[in-house]
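Quick notes on the structure that follows.
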Amino acid sequence: MIAIIDYDAGNLKSVEKALASLGQPSVITRDRQEILHADHVILPGVGAFGDAMRQLKKYELDKVVREVVEKQTPMLGICLGLQLLFDGSEESEGVEGLGLLRGSVVRFSSEHGLKIPHIGWNSLKLQNDGRLFRGIADGSYVYFVHSYYLKAADPQIVKATTSYGDLVHASVEQGNLFACQFHPEKSSTVGLAILNNFARLGTEEEI
């Protein structure tokens with residue numbers, strides 16, 4: 001069972017629907033025991049960084065996320081869910097993130113003349129042998145919606161990048177933590193393949 005963490009951040013049903021299309025059972029929940037007993041956990045999210053952290057703390061889900069990490073359960077952050085795993089974001093100065101990974105989340109520069117937010121399909125440059133991307137071709141296109149992007153402190157955890165004027169660290173992996181700035185659940189067959197790779201982590205079906 002895959003637990004999709006519900007902290008009122010939206011984008012839950014589309015993740016649930018994508019997993020169902022893969023035959024992967026999931027539950028949308030904020031129940032601690034349900035999350036901790038799940039085989040895999042997803043932290044989705046759309047919206048503002050500061051609001052999201054307040055909601056996580058309101059439901060004490062920040063503590064649950066840390067317990068998931070300590071248990072070594074595979075966990076996937078999606079979009080805002082990726083950003084929350086890091087120290088903080090320029091979007092909400094003074095608000096601490098979960099701090100599980102090192103790096104900064106910054107706003108796209110306006111000097112490139114590109115529309116912000118970044119909305120649309122971009123190709124990925126794969127690197128560092130990411131487990132989420134096994135069987136996926138370099139240059140595959142995925143769907144993004146964001147105004148802020150990650151600069152990870154450790155280049156070795158970066159498994160995919162893309163360019164939108166600035167270089168975007170589009171996916172990271174460290175231990176049992178996995179995260180994508182893009183939306184795999186909205187990225188057609190490539191995104192479903194990424195979600196399927198995640199669901200297979202730690203099983204005999206892992207490639």
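Computed from the coordinates by the stated procedures, all read-outs in this text should not be read as laboratory data. Values in this document were obtained by computation on a predicted structure and should not be read as measured data. No Cβ is skipped: glycine too gets one built from the backbone with ideal geometry, and neighbour counts run over all protein chains shown.
Among 57-66, 145-154, sorting by the average number of other beta carbon atoms lying within 10 angstrom of each residue, highest first, gives 145-154, 57-66.
Could you tell me whether segment 117-207 comes out rounded, prolate or oblate from its Cα gyration tensor? Rule is a ≥ b ≥ c as square roots of the eigenvalues, rounded for a/c under 1.5, then prolate if a/b exceeds b/c, otherwise oblate. Oblate.
When a/c is below 1.5 the answer is rounded, else prolate if a/b is larger than b/c, else oblate, so apply that to segment 1-56 with a ≥ b ≥ c taken from the square roots of the Cα gyration tensor eigenvalues. Note, shape of segment 1-56 comes out oblate. Please work out the C-alpha center-to-center distance from segment 133-189 to segment 45-69 and express it in whole Å. What the calculation gives is 21 Å, centre to centre. On the principal axes of its alpha carbon atoms, segment 57-153 extends 39, 36, 23 Å, with the longest extent given first. In bins 10 Å wide, starting from 0, what share of all Cα pairs of segment 105-144 does each bin hold, as a percent? Here the calculated profile for segment 105-144 is 23, 40, 30, 6.
In the structure shown, do any of Lys13/Lys63; Lys57/Lys151; Lys63/Lys125; Lys71/Lys159; Lys17/Lys151; Lys17/Lys159 have a Cα-Cα gap over 28 Å, and if so which?
From the list (Lys13/Lys63; Lys57/Lys151; Lys63/Lys125; Lys71/Lys159; Lys17/Lys151; Lys17/Lys159), the Cα-Cα distance tops 28 Å for Lys63/Lys125; Lys17/Lys151.
Calculated mean residue ellipticity, 222 nm, the chain: -7000 deg cm²/dmol, from DSSP H runs (n ≥ 4) at -39500 (n - 2.57) each, averaged per residue and rounded to 500.
Remark: C-alpha extents of the chain on the principal axes read 47, 39, 29 Å, sorted largest to smallest.
Could you bin all the Cα-Cα distances of segment 1-111 into 10 Å bins starting at 0 and give me the percent of pairs in each, rounded to whole numbers? Taking all Cα pairs of segment 1-111, the binned fractions are 14, 48, 29, 7, 1 percent.
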